[in-house]
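K.L.:
Could you have a look at this structure, given as structure tokens, before my questions?
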Amino acid sequence: MRYDVAVIGAGINGVYTALELLDRGIKKIVIIEKNYPGSGGTFRCATGIRASFTSREHVVLMKRSIEKWKELSNRFGFPFVQGGYVWLLSREEHLKNFKEYVRFHHSLGVPTRVVKPDEIKELVPTIRTDTLVAGVHDPIAGKSNPFTALLNVLGYLKKSGVEVRYPEKAEKIIVENGEAKGVLTERERIGAETILVAAGYGSRDILRTCGVDAPINNLPKHALITEKYMEVFKPLLVDWETASYMVQTVSGGFLIGAELEEEYNKPPMNRIEFLYTAVKIWSKYFDWFPSTHIIRYWTGYYVMTPDHHPILGPVKDVEGLYVSTGFSGHGFMIAPAASEAVAEWIVRGKPRIREAENLTIDRFKEGKLIHEIAVFG
Amino acid sequence: MDPRKIIICRCEEVTLADVLEAIEKGYTDLESLKRYLRIGMGPCQGTHCIPIVLRILRRATGKNVGELMLPTSRPPLHPVQAKYFLGGDNH
């Protein structure tokens with residue numbers, strides 16, 4: 001059997017792009033996954049979703065994503081809670097910078113605003129604010145459940161005739177006369193007219209088999225979760241001083257990420273100091289936090305590009321080859337919009353959102369990196 | 001006995017009926033079953049439920065254990081109160 005589209009990688013972006021293609025009438029789709037669906041970044045992510053970024057490309061795509069998160073969560077019966085984000089600022093100079101970001105958000109229709117410590121207390125019951133000068137609230141941001149967000153859609157795809165093969169490793173992209181012809185897996189040759197590489201960090205190796213260089217690097221990250229508790233607060237919190245975040249997930253556990261110094265492309269390792277760092281930061285804000293029970297600590301990674309923006313869309317040199325990777329820590333939240341853009345590219349030659357066209361892999365060769373007014377979370 | 005009354009995962013209150021239904025729906029590896037049903041994601045971290053689900057899954061699918069994708073064990077082995085990481089000499 002020859003497929004219309006072969007997708008390499010069953011993470012949220014591969015799966016959602018398959019959905020967008022199916023919705024556009026493409027029937028013969030195969031998804032090839034080397035481990036299990038969601039096994040890379042998707043199932044390890046912080047679950048947050050926001051449009052308050054500092055580049056036009058990110059803001060426009062993430063705004064579209066939020067609209068689509070609402071649609072998809074209704075259609076496939078998984079949660080999307082628009083509980084907002086709150087950045088906690090403990091220094092005047094940070095507040096000054098954030099005022100500039102807020103102006104930028106407003107210019108693109110994202111209604112963030114600076115909030116005083118008293119308002120933070122209303123948004124985040126039980127928080128201590130004595131170390132804070134202010135906060136920034138993004139009311140349209142939210143969170144979802146990566147497990148059901150992926151598995152419910154994948155279940156629908158399988159029922160609709162999409163073939164999902166796992167565990168099966170894609171080993172080579174077959175190109176003849178500059179045209180993509182299929183994928184060679186550890187088992188067999190799979191013929192396809194169009195190939196989408198959505199394999200996270202693995203995209204680098206698989207693209208190399210057809211001479212395409214994707215400048216992506218894996219940055220190890222650390223996260224923990226506590227037992228489930230009743231809902232205390234809805235927003236995802238970012239402690240700007242330490243770039244640490246805390247979110248009470250839709251399942252009830254408090255999920256925390258905190259920065260440790262890491263080297264690119266080293267396998268993520270558990271480091272006990274992560275637990276000390278995370279607990280110290282968040283015990284300062286919540287008197288009750290020391291009594292919670294930590295049940296799990298895991299590692300993951302951000303698949304980083306030089307300009308911290310994803311690589312999306314066609315590859316100039318290979319007809320029929322498309323890429324969706326390098327999300328630099330934001331692959332889950334952007335998936336609905338990125339997938340829609342890639343599907344539109346495949347089906348009708350260009351994405352509806354023009355800004356997506358700035359994100360093709362050729363930008364690195366052409367020196368057209370994305371400009372951000374700040375690197376922000 | 002009614003499979004709806006047999007509890008497989010006490011942490012997340014998952015019954016035998018839930019497990020069988022999920023297998024029927026095509027969740028035939030432990031990693032996917034874990035995310036779909038939340039088995040192994042509560043305080044016991046799978047020490048009670050995963051071996052039971054493994055046996056059910058092996059019977060239902062005929063696959064051998066190596067193909068069933070046993071989830072990664074993550075620290076801590078038992079829930080630990082956050083206060084034990086609050087500082088002192090280690091930090």
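K.L.:
Scan A:Leu108, A:Leu95, A:Leu88 and give me the residue that is buried (at least 17 other Cβ atoms within 10 Å of the Cβ) and over 29 Å from A:Phe43 (Cα atoms).
P.N.:
A:Leu95
K.L.:
Same structure, new question: Out of the residues in segment A:284-300 that are buried (at least 20 other Cβ atoms within 10 Å of the Cβ) and touching a His at 6+ places or on another chain (Cβ under 9 Å), which is farthest from the other protein chains (Cβ to nearest Cβ)?
P.N.:
Ranking the qualifying residues of segment A:284-300, first place goes to A:Gly300.
K.L.:
Just one of A:Asn177, A:Asn145 is at pLDDT 95 or above and within 14 Å of another protein chain (Cβ to nearest Cβ); which is it?
P.N.:
Every option except A:Asn145 fails the conditions.
K.L.:
Any chance you could count how many residues in segment A:208-260 are hydrophobic (A, V, I, L, M, F, W, C) and on the phi > 0 side of the Ramachandran plot?
P.N.:
Keep residues of segment A:208-260 that are hydrophobic (A, V, I, L, M, F, W, C), which gives A:210, A:212, A:214, A:216, A:219, A:223-225, A:230, A:232-233, A:236-238, A:240, A:243, A:246-247, A:250, A:254-256, A:258, A:260.
Among the residues that remain, those that are also on the phi > 0 side of the Ramachandran plot are: A:243.
Here the count works out to 1.
K.L.:
Then there's this: Hand me the list of strands (runs of 3 or more DSSP E) wholly inside segment A:38-150 holding 1 or more residues that are closer than 27 Å to B:Lys34 by Cβ.
P.N.:
On the way: elements: A:85-89, A:113-115, A:134-138, A:142-144.
Those strands (runs of 3 or more DSSP E) span A:142-144.
K.L.:
In segment A:30-63, which residue that is among the charged types (D, E, K, R) and surrounded by fewer than 21 Cβ atoms within 10 Å (Cβ to Cβ) is nearest to the other protein chains (Cβ to nearest Cβ)?
P.N.:
Once the filter is applied, the top-ranked residue is A:Arg44.
K.L.:
For segment A:272-292, which residues satisfy the criterion of being touching a residue at least 12 places away in the same chain (Cβ under 8 Å), part of a helix (DSSP H, G or I) and among the hydroxyl-bearing types (Ser, Thr, Tyr)?
P.N.:
A:Thr277
K.L.:
Then there's this: Could we say that A:Lys27 is within 14 Å of chain B (Cβ to nearest Cβ), in a loop (DSSP other than H, G, I, E, B) and either surrounded by fewer than 24 Cβ atoms within 10 Å (Cβ to Cβ) or modelled with pLDDT of 95 or more (or both) here?
P.N.:
Answer is no for this residue.
K.L.:
Which of the residues spanning segment A:219-256 are in a loop (DSSP other than H, G, I, E, B) and either polar (S, T, N, Q) or touching a residue at least 40 places away in the same chain (Cβ under 8 Å) (or both)?
P.N.:
A:Tyr229, A:Val232, A:Phe233, A:Lys234, A:Pro235, A:Trp240, A:Glu241, A:Thr242, A:Ala243, A:Thr249, A:Val250, A:Ser251
K.L.:
Is one or more of the residues making up segment A:303-325 crowded, with 18+ Cβ neighbours inside 10 Å, within 14 Å of chain B (Cβ to nearest Cβ) and not in a strand (DSSP E or B)?
P.N.:
Looking for residues that are crowded, with 18+ Cβ neighbours inside 10 Å, within 14 Å of chain B (Cβ to nearest Cβ) and not in a strand (DSSP E or B), one finds none in segment A:303-325, hence no.
K.L.:
Could you figure out which of (1) more than 14 Å from chain B (Cβ to nearest Cβ); (2) aliphatic (A, V, I, L, M); (3) crowded, with 22+ Cβ neighbours inside 10 Å isn't true of A:Met230?
P.N.:
Unmet condition: (3).
K.L.:
Also, quick follow-up: Is it the case that B:Pro51 is farther than 24 Å from A:Ile256 by Cβ and free of Cβ contacts under 8 Å to residues at least 24 places away in the same chain?
P.N.:
On the way: farther than 24 Å from A:Ile256 by Cβ: yes; free of Cβ contacts under 8 Å to residues at least 24 places away in the same chain: yes.
So B:Pro51 fits the description; yes.
K.L.:
How about segment A:273-303: which of its residues are over 26 Å from the mean Cα position of the chain (by Cα) and either over 18 Å from A:Ala243 (Cα atoms) or in the same structural domain as A:Phe332 (by TED's automatic domain parsing) (or both)?
P.N.:
A:Asp287, A:Trp288, A:Phe289, A:Pro290, A:Ser291, A:Thr292, A:His293
The values are calculated or read from the model by the stated rules, or taken from the named source; none is laboratory data. Given the structure is predicted, the values throughout are model-derived calculations rather than measurements. Every residue, glycine among them, receives a Cβ derived from its backbone with ideal geometry; neighbour counts consider all protein chains shown.
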